[in-house]
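One structure below.
The values are calculated or read from the model by the stated rules, or taken from the named source; none is laboratory data. All figures in this text were calculated on a predicted structure; none of them were measured in a lab. Here Cβ is always computed from backbone atoms with ideal geometry, including for glycine, and neighbour counts include all displayed protein chains.
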Amino acid sequence: MLRETLKEQTFPAHQKTEGTVIRKIKKINNEADYIELLKCFYSYFNAVEKEISPFITSAILPDLDKRRDASYIKKDIEELGGSISDLPPARVPTITNSLEALSAMYVLEGSLMGGPHIIKMLKKRGIERGFSFFEGYGENSKTMLNSFMDTLNKEGKKSTDTDKAVEVANETFSNFGNIFESLSKVN
Ligand code: HEM
């Protein structure tokens, strides 16, 4: 199944991204710092969503309009008194078909699993609000993630060549990490 292939073959990329995000969270001391973190998430998630949107229709993913998207991050930024101006620049993988689009979306949807851990770390840093994105679908997160994975596996069955899917997912992880790196060079 494609989900298992992606999970196995993007494991190092996940570890690296997780480490980058954790390092960034450990430097958060106030809401202004948290807004900067959210701006990285917003810039990237919004850009990837735009790139995949021609291929992710409700015919492929019937509950598409119920899914969490970058607008949740915008809402959190605004709740904290920030705005989505001056975003760090995002470079996203080029997507040419629905399998590649779902493979990039695998990374965005999978990030739901990190959400509760991220909220815990933020609370330890004194942050108390602006969590709608990291809360994901609350107690339904696992169910929503699994239903996405069913779609991914169904689409994966149509193709014997999963190399490109793996490549896109890995690129989706690594390009996300790059946003934080470009930020640390400035700060
Ligand atoms: C502090 C940061 C993070 C932590 C602690 C974290 C933790 C986790 C955990 C515990 C899982 C479940 C693993 C399992 O089921 O065995 C997971 C899955 C996943 N995470 Fe993260 N994560 C973090 C950040 C991210 C980010 C930023 C992304 C993407 C941009 C991401 C993408 C994924 C994906 C795609 C999966 C699904 C793997 C699968 O079940 O196929 N994670 N993460």
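Being under 16 Å from the mean Cα position of the chain (by Cα), more than 24 Å from Ile25 (Cα to Cα) and hydrophobic (A, V, I, L, M, F, W, C): is that true of Ala101 here?
yes
Here are the criteria: (1) within 9 Å of the ligand (Cβ to nearest atom); (2) surrounded by fewer than 15 Cβ atoms within 10 Å (Cβ to Cβ). Tell me which single one His14 does not satisfy.
(2)
Looking at region 110-135 only, could you name the residues that are without any contact (Cβ under 8 Å) to a residue 24 or more places away in the chain and among the polar types (S, T, N, Q)?
Ser111
Which residue pairs have Cβ atoms closer than 8 Å, lie 6 or more positions apart in sequence or on different chains, and pair a first residue in region 166-177 that is free of Cβ contacts under 8 Å to residues at least 60 places away in the same chain with a second residue that is buried (at least 20 other Cβ atoms within 10 Å of the Cβ) and among the basic types (Lys, Arg)?
Qualifying pairs under 8 Å: none.
Only one of Leu102, Leu38, Leu87 is modelled with pLDDT of 95 or more, farther than 13 Å from Phe176 by Cα, hydrophobic (A, V, I, L, M, F, W, C) and in contact with a Leu (Cβ under 9 Å, 6 or more places away or on another chain); which?
Just one listed residue meets the conditions, Leu102.
Considering only region 91-130, state which residues are closer than 19 Å to Gln9 by Cβ and hydrophobic (A, V, I, L, M, F, W, C).
Passing the criteria: Ile95, Leu99, Ala101, Leu102, Ala104, Met105, Val107, Leu108, Met113.
Given region 112-183, what helices (runs of 4 or more DSSP H) lie entirely inside it while holding 3 or more residues that are near the ligand (Cβ under 10 Å from one of its atoms) and at pLDDT 95 or above?
By residue number, 115-124, 141-157.
Looking at region 17-31 only, could you name the residues that are free of Cβ contacts under 8 Å to residues at least 24 places away in the same chain and more than 11 Å from the ligand (Cβ to nearest atom)?
Correct list: Lys27 only.
Here is a list of conditions, (1) closer than 17 Å to Phe173 by Cβ; (2) more than 14 Å from the ligand (Cβ to nearest atom); (3) of a type in the set (Phe, Trp, Tyr), and Phe55 meets all of them except one; can you say which number that is?
(1)
Consider Val107 carefully, then state whether it is modelled with pLDDT of 95 or more, surrounded by 13 or more Cβ atoms within 10 Å (Cβ to Cβ) and not in a helix (DSSP H, G or I).
Considered against the rule, which asks whether it is modelled with pLDDT of 95 or more, surrounded by 13 or more Cβ atoms within 10 Å (Cβ to Cβ) and not in a helix (DSSP H, G or I), Val107 comes out as no.
Hey, among the residues in region 25-47 that are under 22 Å from Ala169 (Cα atoms) and of a type outside the set (A, V, I, L, M, F, W, C), which one's surrounded by the fewest Cβ atoms within 10 Å (Cβ to Cβ)?
Asn46
Lys50 is checked against (1) modelled with pLDDT of 95 or more; (2) farther than 16 Å from Leu87 by Cα; (3) away from the ligand (no atom under 14 Å from the Cβ); (4) surrounded by fewer than 16 Cβ atoms within 10 Å (Cβ to Cβ) and fails just one. What number does that condition carry?
Condition (2) is where Lys50 drops out.
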